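Okay, structure first, notes after.
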Ligand code: FES
Ligand SMILES: [Fe+2]
């Protein structure tokens with residue numbers, strides 16, 4: 001899941017923040033599109049990355065532990081519909 | 001092991017069969033009868049101050065995650081994945097909202113709740129095959145905190161900690177409640193020594209007699225002025241419920257003057273004044289004793305000393321430090337020591353640094369006291385393994401007459417609880433080993449098993465594979 005914006009976006013000059021613990025490691029960087037900004041989060045180990053817009057990021061602030069647990073639930077892909085119904 | 005009832009009888013009269021310090025069968029009894037059902041210190045709350053902070057600690061081979069969950073509650077969870085038993089947290093400390101097993105990727109919240117099984121539907125048919133709702137990492141059977149100290153017990157029917165601790169709490173406050181906000185810790189340092197665990201525990205409980213000999217060099221180089229033979233014998237030894245310790249006799253003075261003598265600053269003394277009870281303060285002001293080493297049965301010890309930290313300072317410029325440790329048995333002949341530095345949370349940074357330096361000079365893997373002590377203990381352990389040691393009863397009767405009467409009468413006006421004596425004696429080592437003997441003698445209970453993820457059928461019987 002490489003984000004296409006990665007190839008076009010501009011952000012090489014932005015500082016990269018690395019965060020890790022024994023369970024995961026991520027790199028975080030602000031990237032610029034022609035008309036705005038996103039936060040690029042990438043996982044060097046899995047090769048996954050995602051670029052979140054400010055609204056998506058704000059949406060994280062109104063999640064609780066249960067909804068974040070749902071995200072973590074399946075390490076191989078997005079939340080499955082069955083999980084949502086459980 | 002020779003005959004069990006004979007061994008226990010010998011220990012109870014203060015004649016210690018030397019082999020108890022190096023014997024596989026004795027160690028097996030200790031594991032089951034003592035460590036699997038005693039209150040064992042795991043961590044201090046200040047080691048996990050924020051939600052998600054965790055440390056990994058052990059009781060024997062049982063490995064636990066000690067975490068502060070997102071709600072701020074302290075949890076002690078068995079560090080074994082409910083699936084195939086992989087150890088979940090493998091780093092010794094960290095911060096995480098969820099733990100993910102590295103084997104098949106099950107994930108758990110930091111309060112232990114199982115939240116994710118990859119391919120739950122495909123692999124198990126969802127909740128029907130593996131009911132994950134309500135499943136959690138196994139909590140430690142019993143957990144309690146006192147002054148921020150987190151203790152756990154592997155026995156679900158254990159006596160409540162506060163009851164077990166009894167009035168030894170009076171003494172624990174001197175180390176861990178010097179102000180209303182409590183203490184913070186640094187460490188632990190962790191290392192292994194080829195010594196039986198009991199030797200160190202007994203030493204800290206009451207061996208004021210070894211200090212002038214074993215630690216002579218510490219006095220000679222001017223690091224610590226107190227442990228001369230003449231001074232140590234004026235200290236009181238006390239035993240109270242499940243623990244006991246040693247003290248030093250202080251020169252004449254008030255509560256404040258005596259605390260200044262061991263190096264506390266006035267602002268720290270102010271806080272002690274308001275957080276200790278009248279009786280606790282009178283132990284210092286009226287009786288003139290300052291707590292030093294102590295042990296709480298079975299394997300938790302504390303030390304309070306006041307060395308000269310700055311080599312160029314005047315002789316009376318000392319800095320006090322406090323340290324606590326766990327004697328974690330690895331085998332009959334090896335112990336893992338975990339050693340923490342403790343300091344009043346509200347102390348100045350300057351005091352904290354000087355006190356920490358004093359601790360490092362004296363204890364921990366670099367400490368001078370530590371080196372001196374361990375030499376002895378390794379040697380005892382090694383020589384206790386031979387056949388001659390099976391014939392030898394060590395005399396641990398110091399302070400008693402042949403008729404079992406104490407040489408000196410107990411202090412009548414001592415302000416601490418329990419029984420206290422002035423002078424040398426092995427009262428505390430005997431009291432500790434008497435606890436040990438009682439614990440070994442008490443029969444074991446049946447252990448219950450817990451099945452994970454298996455549905456309980458309506459009839460109440462468990463589901464079986466057809
Ligand atoms: S052992 Fe932990 S997920 Fe399988
Ligand atoms: Fe010592």
Worksheet item: For residue B:146, are the conditions met, namely being crowded, with 16+ Cβ neighbours inside 10 Å and more than 13 Å from chain A (Cβ to nearest Cβ)?
Response: yes
Wholly inside the range A:3-80, strands (runs of 3 or more DSSP E) that include 3 or more residues that are away from chain B (no Cβ under 14 Å) are A:25-32, A:37-42, A:49-52
Is it the case that the range B:162-177 has a residue that's part of a strand (DSSP E or B), free of Cβ contacts under 8 Å to residues at least 60 places away in the same chain, more than 16 Å from ligand 1 (Cβ to nearest atom) and under 30 Å from residue B:346 (Cα atoms)? no
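One line per residue, one yes/no per condition, for (1) over 15 Å from residue B:173 (Cβ atoms); (2) crowded, with 22+ Cβ neighbours inside 10 Å; (3) touching a helix residue (DSSP H, G or I) at 6+ places or on another chain (Cβ under 6 Å):
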{"position": "B:268", "(1), (2), (3)": "no, no, no"}
{"position": "B:273", "(1), (2), (3)": "no, no, no"}
{"position": "B:277", "(1), (2), (3)": "no, no, no"}
{"position": "B:281", "(1), (2), (3)": "no, no, yes"}
{"position": "B:291", "(1), (2), (3)": "no, yes, yes"}
{"position": "B:301", "(1), (2), (3)": "yes, yes, yes"}
{"position": "B:312", "(1), (2), (3)": "yes, no, no"}
{"position": "B:325", "(1), (2), (3)": "yes, yes, no"}
{"position": "B:334", "(1), (2), (3)": "yes, no, no"}
Note on residue B:55: of the conditions (1) surrounded by 15 or more Cβ atoms within 10 Å (Cβ to Cβ); (2) over 17 Å from residue A:73 (Cα atoms); (3) in contact (Cβ under 8 Å) with a residue 40 or more places away in the chain, unmet is (3)
Per the list (1) within 9 Å of chain A (Cβ to nearest Cβ); (2) touching a strand residue (DSSP E or B) at 6+ places or on another chain (Cβ under 9 Å); (3) surrounded by fewer than 20 Cβ atoms within 10 Å (Cβ to Cβ), residue check on residue B:107 breaks on (3)
- Would the range B:114-131 turn up any residue that is away from chain A (no Cβ under 13 Å) and either free of Cβ contacts under 8 Å to residues at least 12 places away in the same chain or more than 21 Å from the chain's Cα centre (by Cα) (or both)? yes
Take the conditions within 12 Å of chain A (Cβ to nearest Cβ), within 30 Å of residue B:324 (Cα to Cα) and surrounded by fewer than 15 Cβ atoms within 10 Å (Cβ to Cβ) and apply them to residue B:92. Does it pass?
yes
Note on residue B:190: of the conditions (1) within 16 Å of ligand 2 (Cβ to nearest atom); (2) closer than 30 Å to residue B:28 by Cα, unmet is (1)
The condition from (1) within 16 Å of ligand 2 (Cβ to nearest atom); (2) out of contact with any strand residue (DSSP E or B) (no Cβ under 6 Å at 6 or more places or on another chain); (3) at pLDDT below 95 that residue B:364 misses is numbered (2)
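Residues checked against (1) touching a helix residue (DSSP H, G or I) at 6+ places or on another chain (Cβ under 6 Å); (2) part of a loop (DSSP other than H, G, I, E, B); (3) more than 16 Å from ligand 1 (Cβ to nearest atom):
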position	(1), (2), (3)
B:359	no, no, yes
B:379	no, no, yes
B:389	yes, no, yes
B:403	no, yes, yes
B:432	yes, no, yes
B:435	no, no, yes
B:439	yes, no, yes
- Tell me, please, whether a residue that is more than 10 Å from chain A (Cβ to nearest Cβ), modelled with pLDDT of 95 or more, within 16 Å of ligand 1 (Cβ to nearest atom) and assigned to a loop (DSSP other than H, G, I, E, B) can be found in the range B:47-54. no
- Task: Kindly establish whether residue B:123 is at pLDDT below 95, on the phi < 0 side of the Ramachandran plot and not assigned by TED's automatic domain parsing to the domain that holds residue B:316.
- Result: yes
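The values are calculated or read from the model by the stated rules, or taken from the named source; none is laboratory data. Predicted, not measured: the structure shown is a model, and the values here were computed from it. Reconstructed Cβ throughout: ideal geometry from the backbone, glycine too, with neighbour counts over all protein chains shown.
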